[in-house]
Amino acid sequence: MAKNGTVSASVIKRLPRYYRFLGELMRNGVDRISSRELSEMMKLTASQIRQDLNNFGGFGQQGYGYRVRELHSEIGHILGVDRQFKTILIGAGNLGRAIATHINFTTRGCRLIGIFDREPALEGKQVGELNVISTKKLEEFCAKNKPQLAVLCIPKANTQQIADRLVSLGIKAFWNFSHYDLSIDYDNIVVENVHLGDSLLTLTYGANEVIPDK
Ligand code: NAI
(Lines give C-alpha, C1' and ligand atoms only; values in the text may rest on other atoms or scores of the structure.)
Protein backbone atom coordinates (compact mmCIF):
# COMPACT_ATOMS: atom_id res chain seq x y z
CA MET A 1 0.00 0.00 0.00
CA ALA A 2 1.00 3.60 -0.38
CA LYS A 3 2.80 4.75 2.72
CA ASN A 4 0.24 7.28 3.84
CA GLY A 5 -2.75 6.10 1.80
CA THR A 6 -2.95 9.30 -0.25
CA VAL A 7 -1.06 9.62 -3.49
CA SER A 8 -1.37 12.69 -5.67
CA ALA A 9 -3.28 12.46 -8.94
CA SER A 10 -0.15 13.35 -10.92
CA VAL A 11 1.76 10.42 -9.41
CA ILE A 12 -1.17 8.08 -10.11
CA LYS A 13 -1.10 9.24 -13.74
CA ARG A 14 2.54 8.18 -14.03
CA LEU A 15 2.03 4.77 -12.40
CA PRO A 16 0.88 2.88 -15.52
CA ARG A 17 4.08 3.95 -17.25
CA TYR A 18 6.24 2.79 -14.33
CA TYR A 19 4.30 -0.47 -14.33
CA ARG A 20 4.93 -0.97 -18.05
CA PHE A 21 8.67 -0.22 -17.86
CA LEU A 22 9.17 -2.37 -14.75
CA GLY A 23 7.26 -5.20 -16.45
CA GLU A 24 9.62 -5.00 -19.43
CA LEU A 25 12.66 -5.04 -17.12
CA MET A 26 11.26 -8.07 -15.33
CA ARG A 27 10.70 -9.93 -18.58
CA ASN A 28 14.30 -9.11 -19.53
CA GLY A 29 15.52 -10.72 -16.31
CA VAL A 30 16.55 -7.50 -14.54
CA ASP A 31 16.33 -7.92 -10.73
CA ARG A 32 17.20 -4.43 -9.60
CA ILE A 33 17.63 -0.99 -11.08
CA SER A 34 18.90 2.33 -9.80
CA SER A 35 16.81 5.47 -10.04
CA ARG A 36 19.46 6.85 -12.42
CA GLU A 37 19.11 3.89 -14.82
CA LEU A 38 15.34 3.98 -14.61
CA SER A 39 15.38 7.73 -15.21
CA GLU A 40 17.47 7.27 -18.38
CA MET A 41 15.01 4.67 -19.67
CA MET A 42 11.93 6.67 -18.81
CA LYS A 43 13.25 10.13 -19.61
CA LEU A 44 12.36 11.43 -16.17
CA THR A 45 14.77 12.90 -13.65
CA ALA A 46 16.19 10.53 -11.05
CA SER A 47 14.86 12.76 -8.29
CA GLN A 48 11.36 12.65 -9.78
CA ILE A 49 11.54 8.86 -9.79
CA ARG A 50 12.77 8.75 -6.19
CA GLN A 51 10.01 11.12 -5.13
CA ASP A 52 7.32 9.14 -6.98
CA LEU A 53 8.42 5.73 -5.79
CA ASN A 54 8.96 6.87 -2.22
CA ASN A 55 5.17 6.89 -2.01
CA PHE A 56 5.13 3.12 -2.17
CA GLY A 57 7.27 1.80 0.62
CA GLY A 58 10.93 1.04 1.02
CA PHE A 59 11.80 -0.73 -2.21
CA GLY A 60 14.64 1.61 -3.04
CA GLN A 61 17.85 1.25 -1.06
CA GLN A 62 20.87 3.51 -1.17
CA GLY A 63 23.50 1.89 -3.34
CA TYR A 64 21.25 -1.03 -4.22
CA GLY A 65 18.48 0.46 -6.31
CA TYR A 66 14.93 -0.82 -6.63
CA ARG A 67 13.88 -4.44 -6.54
CA VAL A 68 12.12 -4.63 -9.88
CA ARG A 69 9.75 -7.52 -9.16
CA GLU A 70 8.59 -6.17 -5.80
CA LEU A 71 8.08 -2.67 -7.09
CA HIS A 72 6.21 -3.95 -10.16
CA SER A 73 3.97 -6.06 -7.99
CA GLU A 74 3.33 -3.21 -5.53
CA ILE A 75 2.45 -0.73 -8.27
CA GLY A 76 0.28 -3.39 -9.93
CA HIS A 77 -1.51 -3.88 -6.65
CA ILE A 78 -2.12 -0.13 -6.30
CA LEU A 79 -3.40 -0.06 -9.90
CA GLY A 80 -5.75 -2.94 -9.17
CA VAL A 81 -4.32 -5.26 -11.83
CA ASP A 82 -4.56 -8.26 -9.53
CA ARG A 83 -8.33 -7.82 -9.22
CA GLN A 84 -9.63 -9.10 -12.59
CA PHE A 85 -12.68 -6.81 -12.65
CA LYS A 86 -15.51 -8.32 -14.64
CA THR A 87 -15.91 -6.09 -17.68
CA ILE A 88 -18.49 -5.64 -20.41
CA LEU A 89 -18.20 -3.67 -23.63
CA ILE A 90 -21.11 -1.79 -25.16
CA GLY A 91 -21.09 -1.08 -28.89
CA ALA A 92 -19.63 -3.74 -31.18
CA GLY A 93 -18.89 -1.35 -34.05
CA ASN A 94 -15.48 -0.56 -35.51
CA LEU A 95 -14.02 0.87 -32.33
CA GLY A 96 -15.62 -1.65 -29.98
CA ARG A 97 -14.35 -4.59 -32.02
CA ALA A 98 -10.85 -3.10 -32.21
CA ILE A 99 -10.73 -2.57 -28.45
CA ALA A 100 -12.16 -5.99 -27.68
CA THR A 101 -9.60 -7.72 -29.84
CA HIS A 102 -6.48 -5.55 -29.41
CA ILE A 103 -6.47 -4.58 -25.76
CA ASN A 104 -5.11 -7.18 -23.38
CA PHE A 105 -7.64 -6.76 -20.60
CA THR A 106 -6.37 -9.51 -18.33
CA THR A 107 -2.89 -8.07 -17.91
CA ARG A 108 -4.57 -4.83 -16.88
CA GLY A 109 -6.77 -6.19 -14.17
CA CYS A 110 -9.94 -6.72 -16.21
CA ARG A 111 -11.70 -9.72 -17.68
CA LEU A 112 -13.93 -9.05 -20.67
CA ILE A 113 -16.98 -11.23 -20.16
CA GLY A 114 -19.60 -9.75 -22.52
CA ILE A 115 -19.94 -7.60 -25.64
CA PHE A 116 -23.28 -5.94 -26.30
CA ASP A 117 -24.90 -4.10 -29.17
CA ARG A 118 -28.42 -2.97 -29.86
CA GLU A 119 -28.20 -3.79 -33.57
CA PRO A 120 -30.06 -7.08 -34.17
CA ALA A 121 -27.85 -7.97 -37.15
CA LEU A 122 -24.81 -8.12 -34.84
CA GLU A 123 -26.31 -10.51 -32.31
CA GLY A 124 -24.31 -13.74 -32.13
CA LYS A 125 -21.43 -12.35 -34.25
CA GLN A 126 -18.05 -13.41 -32.92
CA VAL A 127 -15.67 -10.74 -31.66
CA GLY A 128 -12.46 -12.21 -30.31
CA GLU A 129 -13.53 -15.05 -28.06
CA LEU A 130 -17.01 -13.70 -27.35
CA ASN A 131 -20.28 -13.47 -29.24
CA VAL A 132 -22.21 -10.22 -29.37
CA ILE A 133 -25.24 -10.17 -27.09
CA SER A 134 -28.32 -7.98 -27.61
CA THR A 135 -28.57 -5.06 -25.19
CA LYS A 136 -32.09 -6.33 -24.51
CA LYS A 137 -30.39 -9.02 -22.46
CA LEU A 138 -28.26 -6.63 -20.38
CA GLU A 139 -30.44 -6.89 -17.26
CA GLU A 140 -30.50 -10.67 -17.33
CA PHE A 141 -26.75 -10.89 -18.02
CA CYS A 142 -25.80 -8.43 -15.27
CA ALA A 143 -28.03 -10.10 -12.69
CA LYS A 144 -26.32 -13.41 -13.44
CA ASN A 145 -22.70 -12.35 -14.04
CA LYS A 146 -22.40 -9.16 -12.01
CA PRO A 147 -19.99 -7.16 -14.18
CA GLN A 148 -18.31 -4.22 -12.44
CA LEU A 149 -16.73 -2.24 -15.27
CA ALA A 150 -18.05 -1.14 -18.68
CA VAL A 151 -16.29 0.03 -21.83
CA LEU A 152 -18.49 2.39 -23.84
CA CYS A 153 -17.96 2.46 -27.61
CA ILE A 154 -21.28 3.94 -28.66
CA PRO A 155 -22.26 7.29 -30.18
CA LYS A 156 -22.43 10.40 -28.02
CA ALA A 157 -26.23 10.70 -28.08
CA ASN A 158 -26.80 7.34 -26.38
CA THR A 159 -24.13 7.51 -23.74
CA GLN A 160 -25.80 9.08 -20.73
CA GLN A 161 -28.86 6.87 -21.06
CA ILE A 162 -26.88 3.65 -21.28
CA ALA A 163 -24.57 4.76 -18.47
CA ASP A 164 -27.57 5.41 -16.19
CA ARG A 165 -28.91 1.98 -17.04
CA LEU A 166 -25.56 0.33 -16.37
CA VAL A 167 -25.17 2.09 -13.04
CA SER A 168 -28.56 0.75 -12.01
CA LEU A 169 -27.27 -2.71 -12.99
CA GLY A 170 -24.25 -2.43 -10.70
CA ILE A 171 -21.50 -1.05 -12.96
CA LYS A 172 -19.04 0.99 -10.91
CA ALA A 173 -16.44 2.08 -13.46
CA PHE A 174 -16.59 3.33 -17.04
CA TRP A 175 -13.90 3.38 -19.69
CA ASN A 176 -15.70 5.82 -21.91
CA PHE A 177 -14.71 6.24 -25.57
CA SER A 178 -17.90 7.94 -26.73
CA HIS A 179 -17.47 11.62 -27.50
CA TYR A 180 -19.48 12.54 -24.47
CA ASP A 181 -17.79 13.62 -21.27
CA LEU A 182 -19.58 11.32 -18.96
CA SER A 183 -20.15 12.74 -15.54
CA ILE A 184 -22.21 10.47 -13.47
CA ASP A 185 -24.01 11.96 -10.54
CA TYR A 186 -23.73 8.92 -8.33
CA ASP A 187 -21.44 8.17 -5.47
CA ASN A 188 -18.54 5.79 -5.89
CA ILE A 189 -18.61 5.62 -9.68
CA VAL A 190 -15.38 6.23 -11.55
CA VAL A 191 -15.07 7.38 -15.14
CA GLU A 192 -12.09 7.52 -17.46
CA ASN A 193 -12.99 9.46 -20.60
CA VAL A 194 -10.69 8.68 -23.52
CA HIS A 195 -10.39 11.01 -26.50
CA LEU A 196 -7.81 9.95 -29.05
CA GLY A 197 -8.54 13.23 -30.84
CA ASP A 198 -7.38 15.21 -27.79
CA SER A 199 -4.13 13.30 -27.85
CA LEU A 200 -3.70 14.22 -31.51
CA LEU A 201 -4.31 17.89 -30.64
CA THR A 202 -1.55 17.70 -28.04
CA LEU A 203 0.68 16.48 -30.85
CA THR A 204 -0.40 19.24 -33.24
CA TYR A 205 0.38 21.78 -30.50
CA GLY A 206 3.92 20.37 -30.39
CA ALA A 207 4.12 20.19 -34.17
CA ASN A 208 3.03 23.82 -34.34
CA GLU A 209 6.09 24.71 -32.25
CA VAL A 210 8.70 22.71 -34.16
CA ILE A 211 7.47 22.72 -37.77
CA PRO A 212 7.85 26.12 -39.48
CA ASP A 213 4.61 27.46 -40.93
CA LYS A 214 5.57 28.70 -44.39
P1 NAI B 1 -19.78 2.32 -35.26
O2 NAI B 1 -20.96 3.00 -35.89
O3 NAI B 1 -18.94 1.41 -36.10
O4 NAI B 1 -20.27 1.47 -33.99
C5 NAI B 1 -21.12 1.94 -33.01
C6 NAI B 1 -21.90 0.74 -32.51
O7 NAI B 1 -22.62 1.12 -31.34
C8 NAI B 1 -22.90 0.21 -33.51
O9 NAI B 1 -22.71 -1.18 -33.72
C10 NAI B 1 -24.25 0.54 -32.87
O11 NAI B 1 -25.25 -0.43 -33.20
C12 NAI B 1 -23.90 0.49 -31.41
N13 NAI B 1 -24.79 1.25 -30.53
C14 NAI B 1 -25.27 2.50 -30.68
N15 NAI B 1 -26.05 2.83 -29.63
C16 NAI B 1 -26.06 1.77 -28.80
C17 NAI B 1 -26.68 1.51 -27.55
N18 NAI B 1 -27.45 2.43 -26.95
N19 NAI B 1 -26.49 0.30 -26.98
C20 NAI B 1 -25.71 -0.62 -27.60
N21 NAI B 1 -25.10 -0.44 -28.77
C22 NAI B 1 -25.27 0.74 -29.37
O23 NAI B 1 -18.91 3.47 -34.64
P24 NAI B 1 -17.40 3.37 -34.13
O25 NAI B 1 -16.51 3.79 -35.20
O26 NAI B 1 -17.19 2.06 -33.49
O27 NAI B 1 -17.38 4.50 -33.02
C28 NAI B 1 -18.16 4.40 -31.86
C29 NAI B 1 -18.15 5.72 -31.12
O30 NAI B 1 -16.86 5.99 -30.62
C31 NAI B 1 -18.50 6.90 -32.04
O32 NAI B 1 -19.38 7.74 -31.39
C33 NAI B 1 -17.18 7.59 -32.28
O34 NAI B 1 -17.32 8.97 -32.44
C35 NAI B 1 -16.44 7.28 -31.00
N36 NAI B 1 -14.99 7.24 -31.17
C37 NAI B 1 -14.24 7.70 -30.13
C38 NAI B 1 -12.88 7.68 -30.17
C39 NAI B 1 -12.13 8.19 -28.99
O40 NAI B 1 -10.94 8.42 -29.07
N41 NAI B 1 -12.77 8.39 -27.88
C42 NAI B 1 -12.16 7.19 -31.34
C43 NAI B 1 -13.01 6.67 -32.36
C44 NAI B 1 -14.39 6.73 -32.27
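Structure above, values below:
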item	result
Accessible-area ranking of F56, F141, largest first, probe 1.4 Å	F141, F56
Kirkwood hydrodynamic radius of region 76-214, Cα pairs, Å	16.1 Å
Within straight-line cross-link reach of K137, aspartates and glutamates at Cα separation under 17 Å, skipping those fewer than 8 residues along the same chain	D117, E119, E123, D164
Among 171-183, 123-135, the order from most to least packed when residues are scored by Cβ within 10 Å on average	171-183, 123-135
Per residue solvent-accessible surface (Å²) - region 84-198, probe of 1.4 Å	56 Å²
D185 accessible area, assembled protein chains, probe 1.4 Å, Å²	140 Å²
Set K13/K136; K13/K144; K43/K156; K86/K125; K43/K146; K156/K214 screened for pairs whose C-alpha atoms are more than 32 Å apart	K13/K136; K13/K144; K43/K156; K43/K146; K156/K214
Pair R165, K214: separation of 7 Å Cα→Cβ label points (nm)	5.3 nm
Table column - 3J(HN,Hα) (Hz), region 138-153, Karplus curve with 6.51, -1.76, 1.60, x for Gly and Pro	4, 4, 4, 5, 5, 4, 7, 9, 6, x, 10, 10, 10, 9, 9, 10
Ranked packing of 146-158, 71-83, most packed first, by mean Cβ within 10 Å	146-158, 71-83
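The values are calculated or read from the model by the stated rules, or taken from the named source; none is laboratory data. Everything numeric in this text was worked out from a predicted model, so none of it was measured. Heads up, the Cβs are rebuilt from the backbone with ideal geometry, glycines too, and the neighbour counts pull from every protein chain shown. Side chains included, ligands, DNA and RNA excluded: accessible areas come from the protein's heavy atoms. Shrake-Rupley method; radii C 1.70, N 1.55, O 1.52, S 1.80 Å.
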